[in-house]
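S.K.: The structure follows.
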Amino acid sequence: MLELKIDYTTPFEELNERIRNSTDSQIKINNCVGQRYIAAGLSGKKIDIEGIPGNALGAYMNDSVINVVGNVQDATGDTMNGGKIIVHGCAGDATGYAMRGGEIYIRGNTGYRAGIHMKAYKEQQPVIVIGGEAGSFLGEYQAGGKIIVLGLDLPKKLDGRDYAGHPYKRPDIGDFLGTGMHGGKIYIRLHGNEEPEVPEYIVKEKFHGSEIAEIKSYLEQFCSYFDDVDLKELVESDFVVLSPNPEKPYKQTYCAN
């Protein structure tokens, strides 16, 4: 195994060249501090990272596996083709941007526009599993794949108000959910009876977790990566499943004819 000890002075170009040129299939990076494009377009590697990798971690990645003990910045898994990215912290904006294959597992929260422009083709079925909260514009222009939001570790509501006394609002999903969605599915774990509001071009259905066979393996993997999460609790929860409405498809355009 190749072990790379770096710090904030290490240029990202130098780090990525050392990774690409290494003949080791396993690589460990210690003290990562914002270096960008790690494992971009990479195949056949297992990379463990301690610290905070910079933007576009795993961009265009193929069958490699990245395990991050820490947070990640924006555009993690940008246009990735395959492999897995496991994050034991939180993620920035645009997680899985234009993702077209592979899987991303995040124990904590993710920022705005997670899953924007996700797409799928035949056996290429991208998946993002978010353990905590997701920011606004989740699944924006989603064309394929699966996004699963579990809403773990959320504050409890009190008589219709949050802990600060404000009117309660679902804390795990931001605004503009599924804007422009025209493919794929979004699965949101429910915490009581509060269901997200969606536009008319999205169909909303409620299921018990045990009835959704297509996400069971991803929940099992999530719990295997993060052993503080109870699989039984997830499977026994209710989910709301969002998918495009074939009778009222999204038709908005950027300009008028």
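S.K.: First check a/c for the range 53-100, with a ≥ b ≥ c the square roots of the eigenvalues of its C-alpha gyration tensor; if it is under 1.5, answer rounded, and if not, answer prolate when a/b is larger than b/c or oblate otherwise.
M.R.: Oblate.
S.K.: What list of ³J(HN,Hα) values in whole Hz, one per residue of the range 109-123 in order, does the Karplus curve 6.51 cos²θ - 1.76 cosθ + 1.60 (θ = phi - 60°) give from phi, with Gly and Pro shown as x?
M.R.: Rounded to whole hertz, the list is 9, 9, x, 5, 6, 5, x, 4, 6, 4, 9, 9, 8, 6, 7.
S.K.: Residue by residue through the range 31-37, which ³J(HN,Hα) values in whole Hz follow from phi under the Karplus form 6.51 cos²θ - 1.76 cosθ + 1.60 (θ = phi - 60°), with glycine and proline marked x?
M.R.: In residue order, the calculated couplings are 6, 5, 9, x, 5, 8, 6 Hz.
S.K.: Measuring from centroid to centroid over Cα atoms, what is the spacing of the range 181-257 and the range 52-70 in Å?
M.R.: That distance is 25 Å.
S.K.: Quick query: amide H of ILE85 versus all other amide H atoms, modeled in the peptide plane; which residues come in under 5 Å with a sequence gap of 5 or more or a different chain?
M.R.: ILE66, GLU103, ILE104, TYR105
S.K.: Something else: How far is helix 12-21 tilted, in degrees, relative to the longest principal axis of the Cα atoms in the chain, given as a value from 0 to 90 rounded to the nearest 10?
M.R.: 70 degrees
S.K.: Beyond a 32 Å Cα-Cα separation, which of these cross-linked pairs lie in this structure: LYS46/LYS206; LYS5/LYS122; LYS84/LYS204; LYS146/LYS232?
M.R.: LYS46/LYS206; LYS5/LYS122
S.K.: Determine the relative contact order of the chain: mean sequence separation of Cα pairs under 8 Å and six or more apart, normalised by residue count, in whole percent.
M.R.: Reported relative contact order: 10 percent.
S.K.: Also: Treat each spin label as a single point 7 Å out from the Cα along the C-beta direction, and report the LYS46 to ASP63 distance in nm.
M.R.: Label at LYS46, label at ASP63, 1.5 nm between them.
S.K.: Right, next: Would you please give the residues with an amide H less than 5 Å from that of ALA59, counting only those at least 5 places away or on a separate chain, with H modeled from the backbone geometry?
M.R.: It is ALA40, GLY41, GLY77, ASP78, by chain and number.
S.K.: Calculate how steeply helix 213-225 sits against the longest principal axis of the alpha-carbon atoms of the chain, using the helix alpha-carbon long axis, and give the answer as 0 to 90 degrees to the nearest 10.
M.R.: 40 degrees
Every read-out reported here was derived from the displayed coordinates using simple, explicitly stated rules and does not represent laboratory data. The structure presented is a predicted model; accordingly, all values stated were derived computationally and were not measured. Reconstructed Cβ throughout: ideal geometry from the backbone, glycine too, with neighbour counts over all protein chains shown.
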